[in-house]
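Notes follow the structure.
Readers should treat all values here as calculations from the given coordinates under stated rules, not as data from a laboratory. Bear in mind that the values here come from a model prediction, so they are computed numbers and not experimental data.
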């Protein structure tokens, strides 16, 4: 799984530096996805509860989790999805 956090981890330049775009592009062109992505990912199934998802996200400080049913990716749940769900409840 490749996330924005994974990409930011390999960015070596302060975002306010005017040369950041050129250097970031060079870094991104040198690396393969497999070098940057998270390999030991945590996932959940669509049958698990929102509470279980929140616990996994909070404990591991993740911002997104793949949802897998029968060894197939069926979706991704994010912290924003959960916050939007909670907002709808009020």
| said: Over the chain, what is the relative contact order in percent, taking alpha-carbon pairs closer than 8 angstrom and at least six residues apart? | reply: 21 percent
| query | Cα axis of helix 20-30 to longest principal axis of the chain: angle in degrees, 0 to 90, nearest 10? | reply | 80 degrees
| Between 0 and 90°, nearest 10: helix 50-60 axis offset from the chain longest Cα axis | 30 degrees
| In nm, what is the difference between 0.36 nm times the number of residues separating residue 52 and residue 89 and their Cα-Cα distance? | 11.5 nm
| request: Using only Cα atoms, find the angle between the long axis of helix 79-89 and the longest principal axis of the chain, and express it within 0 to 90 degrees, rounded to the nearest 10. | output: 40 degrees
| Which of 65, 73, 44 moves most in a GNM of the chain, Cα contacts under 10 Å? | 73
